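Values in this text are rule-based calculations from the coordinates and carry no lab data. Model, not experiment: these values are computed from the prediction. Every residue, glycine among them, receives a Cβ derived from its backbone with ideal geometry; neighbour counts consider all protein chains shown.
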Amino acid sequence: MAIQHRDYDQEQKKLEETVSIIDNEIAQLREDIRDATDDYVKQVVNFSKAKDLRYLEDQGREKPYFGRVDFLKDEVYELDSVYIGKRGIVRSDTFDSIVVDWRAPIASLYYSGESKDAFYRMGREIVRGEVRLKRNFAIEHGKITGIYDGAVKETINREMGHPDEFLQEGFIDEFLAANLNETNDSRLKDIVATIQSEQNDIIRAEKERPIVVQGVAGSGKTTIALHRLSYLIYNYQDTMLSKKFMVFAPNRMFLTYISEVLPELGVDDVQQSTFVDWAARLVKPIMPKGWRITSPDKPLTLFFEEDQNPREQEMARNRLRFKGSLVCRDTLEQYIRHIVGTRIPFKKLSFVYTRTKQVFAIDGEFIKQSFLELFSNLPYQRRLDALRKHLKQEMNKKFYAHLRELKVDLDKQGLAKFEKMLDQILDQYMTSFPRLEVFASYRELMTDEQLLRLLAPADISDEIVHDVSTSTIELFEQERLEVEDIAPLLYLQHLIEGLDKAGHFDHTVIDEAQDLSALEIGVIALMTKGHSITVVGDIAQGIHAYRGIHSWDELTQGIFQQPRASYYTLSQSYRSTVEIMRCANEILRRIELPETILAKPVLRHGEMPSLLTSSAEIEQWKMVADRVEQYVREGLQSIAIVAKTIQGSKKAHKALKEKLPNITLLGSKDKQYPGGITVMPAFLTKGLQFDAVILLDVHQYEENEWDAKLLYVAMTRPVHRLVLTVRQGENAPLLADLPVDYYVNE
Ligand SMILES: Nc1ncnc2c1ncn2[C@@H]1O[C@H](COP(=O)(O)OP(=O)(O)OP(=O)(O)O)[C@@H](O)[C@H]1O
């Protein structure tokens, strides 16, 4: 084991030297910032020094680095030995870098592993060479407690051959295994010491290109998207501001959950929001006064609660899917073309200059061509302004040519008079162009069935068009918008007025992106400079039958074409034990998805999932409460009791709160995940993780794609323990083929 490592003494000595340098730096920094100052520049410098000091005192001194990489540069044949830590540390007397920040270009070698032809990028330059050593350290209280050499692929190659065969089975290196076994709470943490090579590629992907990541449950998507923010801000601080970074996630609780890790990564001032909260603020100014937006939970009730009207469900599905689709985007664009084609007369513009009796005219066809071609990239309203300006220039050209021809020299007054007259004529002329108002236009399109039929693509059935317009009429009669109206309204605003550039993001992360609609992602893309977007999600976890992305092609081919998106997949799963993932994968096998890749759990074993069967409700609550108490006694800190629906979670809370007084009921309005014993509906577990999960009434999940996905999401949340409960005599279709040796029946 590590303590006996041949280089142990040498590495321990190196560590002690590093700590001693850090002690000097700490003393120096304390000295530097001791005195208060009025000088603004000094204040800024001191602020930054105080931050460095805090890091060195709190973390740097304790564990200055976690890894080392030895790199033999090709041309100079020089061996660089670099120690890598959470933050870079530079000696202030010699300016030598004693620890390299994990985000620095050269640190990339540490993550890509040993290789004969390794390289890293320094700006535009590519530095090539050979990675001779990749070493990980476990350090506690200034002592090295473990040294692990080699990246997984190389180790296996060296020792056993055929690395890919082993990797298929989730073989991981010892250092990562040691780190994962330490997982004993549900908080998201930084993984800078154990980022895997395929994760590193995503974190360090070029900033100007959108990236789309399909990753299985627990593959680290959320974690690496946040590490990417940290990487970007470190490497592009001249062109990017972290306060202009935006993270979109599915609910407020999840946002608080992820925000805990951001300061650790050195990016504590990024914006975070759900799509609805952010977009609702943008849409408010274009909504009619007094109108409201319906709760985002409403469709969940309609689709997941029992005894709902099937026709109503179908209508809602048709309407909501349409409003979130790229087909809707195309229909909105078609609407603008339709207005231009049918409601603008493009009359001839002409007037008589009374002083010389000269007629000045611009042909209607010329005006039409100018409008269609010259300004096609501008929003409609700005096109009108641009056209007016263009017509004025054309008229002026004609007028001055006329004056030159007559050899007339007009004085200032004469020119001003002409300009005034021209302005009046143009103002009058432009009244023939309808001024579009965003909401009125949207309402017209969505509620006029004939018009919608005319403008929607032919492959959208008449039934869908009918459902969209009749149910939207009903909704609007109650002076209500639904969440799915927001994205098309903003897109229409982009087409008519343009979106406010001041609110643009330097980089955007969209987490759990499969649950947003393609149009919502399209709107976010419009608001992100240079399409610098990181989209992460898992099609298998898309729980909304009525919305969401069904295939990443919708984004890679429908939105991110210029520049083209890079697409990545992650199949290694780090969260749950092998036993839990084996059961969860069985659920996924039951549904056919275009891009399903089953999760490969890392080789971390734990207890078998339990199936608790009860004959009556009262017995079930007792079993659940007993199990929770047992887990608490065992030291598990976060235990989630998960019902299929909101109603179910309320019922469970009521039934359990006497037996478990510390239990907290969570709903989508909650902002804080309190830890401990919680009860919540399955959709709310999205993205979170818990030590243990108890899934209530699994027989309620029906044999359809959406219920299977919802169950899969909930089953992939626990780090250590999974319990499923069913009622005796009830058929649980999604568990029907679960091999009996995959769980313990109790
Ligand atoms: N390279 C790694 N080293 C150590 N832990 C890791 C690594 N990658 C991921 N993890 C851990 O795996 C767990 C799951 O990560 P995360 O929540 O980011 O995954 P996800 O893909 O977003 O999951 P889901 O889609 O299921 O919500 C976390 O506890 C994270 O710390």
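Going from the alpha-carbon gyration tensor of segment 603-745, what semi-axes, largest first and in whole Å, does one get by taking the root of 5 times each eigenvalue?
Working: eigenvalues 85, 58, 55 Å².
Output for segment 603-745: semi-axes of 21, 17, 17 Å.
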Among Met608, Tyr574, Val624, whose Cα projects farthest towards the positive end of the dipole of segment 564-627, with charges put on the beta-carbon of Lys, Arg (+1) and Asp, Glu (-1)?
Tyr574
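Could you list Thr354, Thr678, Thr194, Thr239 in order of exposure, starting from the residue whose Cβ has the fewest other Cβ atoms within 10 Å? Present the calculation step by step, with values, prior to reporting the outcome.
Values: Thr354 8, Thr678 25, Thr194 21, Thr239 11.
So the residues, fewest neighbours to most, are Thr354, Thr239, Thr194, Thr678.
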Can you compute 3J(HN,Hα) from phi for each residue in segment 457-471, using the Karplus curve 6.51 cos²θ - 1.76 cosθ + 1.60 with θ = phi - 60°, rounded to whole Hz and x for Gly and Pro?
x, 4, 6, 7, 5, 4, 5, 5, 4, 5, 4, 4, 6, 5, 6
For segment 727-743, Karplus-derived ³J(HN,Hα) couplings (6.51, -1.76, 1.60; θ = phi - 60°; whole Hz; x for glycine and proline) come out as 9, 4, x, 8, 8, 10, x, 6, 9, 3, 9, 5, x, 5, 8, 8, 8
Let me see the pair-distance distribution of segment 345-431: every alpha carbon pair, 10 Å bin width, integer percents in order.
15, 49, 26, 9, 0
Please rank Met430, Met240, Met253, fewest neighbouring Cβ atoms within 10 Å first, as an exposure proxy.
Met430, Met240, Met253
About its Cα centre, how strong a charge dipole does segment 426-507 have in debye, to the nearest 20, once Lys and Arg get +1 and Asp and Glu get -1 at the Cβ?
360 debye
For Lys348, what residues show an amide H to amide H distance below 5 Å, using hydrogens built from the backbone and excluding near sequence neighbours?
Gly364
Run the reach check for Lys368 against lysines, Cα to Cα strictly under 21 Å, same-chain hits fewer than 8 apart removed. What comes back?
Lys347, Lys348, Lys389, Lys392, Lys397, Lys398
Which residues' amide hydrogens lie under 5 Å from the amide hydrogen of Thr274, considering only partners 5 or more residues apart or on another chain, with H built in the peptide plane?
Ala249
Flagged links, alpha-carbon separation over 25 Å, of Lys420/Lys501; Lys51/Lys86; Lys42/Lys243; Lys298/Lys651; Lys73/Lys600:
Lys420/Lys501; Lys73/Lys600
Across segment 219-228, in residue order, what do the Karplus-derived ³J(HN,Hα) couplings come to in whole Hz, using 6.51 cos²θ - 1.76 cosθ + 1.60 with θ = phi - 60° and x for Gly and Pro?
7, x, 4, 4, 4, 6, 4, 6, 5, 5
So for the chain, taking the charge dipole from beta-carbon charges (+1 Lys/Arg, -1 Asp/Glu), which of Ile549, Cys583, Leu372 sits furthest toward the positive end?
Leu372
What is the P(r) of the chain, as percent of Cα-Cα pairs per 10 Å bin from 0?
2, 12, 19, 20, 17, 13, 8, 5, 2, 1, 0
Among the trypsin sites (Lys or Arg not before Pro) in segment 188-255, which ones are in a DSSP loop with at most 15 other Cβ atoms within 10 Å of the Cβ? Mind listing them?
Lys189
Dipole moment magnitude, nearest 20 debye, the chain about Cα centre, only Lys, Arg, Asp, Glu C-beta charged
3140 debye
Would you mind ranking Ile191, Ile639 so that the residue whose beta carbon has the fewest other beta carbons within 10 Å leads the list?
Ile191, Ile639
Under 5 Å, built H, 5+ apart or other chain: amide partners of Thr664:
Ile677, Thr678, Val679
For segment 345-431, with only Lys/Arg (+1) and Asp/Glu (-1) charged at the beta-carbon, what is the dipole magnitude about the Cα centre, in debye rounded to 20?
120 debye
With a cap of 14 neighbouring Cβ atoms within 10 Å, and only residues DSSP puts in a loop, list the trypsin sites (Lys or Arg not before Pro) found in segment 63-119.
Arg91
Which value in deg cm²/dmol, rounded to the nearest 500, describes the helix-derived mean residue ellipticity at 222 nm for the chain, given -39,500 (n - 2.57) per DSSP H run of n ≥ 4 and division by the residue count?
-13000 deg cm²/dmol
Set Lys and Arg Cβ to +1 and Asp and Glu Cβ to -1, take the dipole of the chain about its Cα centre, and tell me which of Ser325, Ile84, Tyr8 lies farthest positive.
Ser325
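Just to confirm the filter: which GluC sites (Glu not before Pro) across segment 57-88 are DSSP coil and have at most 16 other Cβ within 10 angstrom of their Cβ?
Sparse-neighbourhood loop GluC sites (Glu not before Pro): Glu62, Glu75, Glu78.
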Percent relative contact order for segment 47-134, counting Cα pairs under 8 Å at least six residues apart, stands at 26 percent
Å³ per residue enclosed by the Cα convex hull of segment 427-519
166 Å³
Relative to 2.2 N^0.38 Å, what does the C-alpha radius of gyration of segment 470-574 come to as a ratio? Two decimals please.
1.20
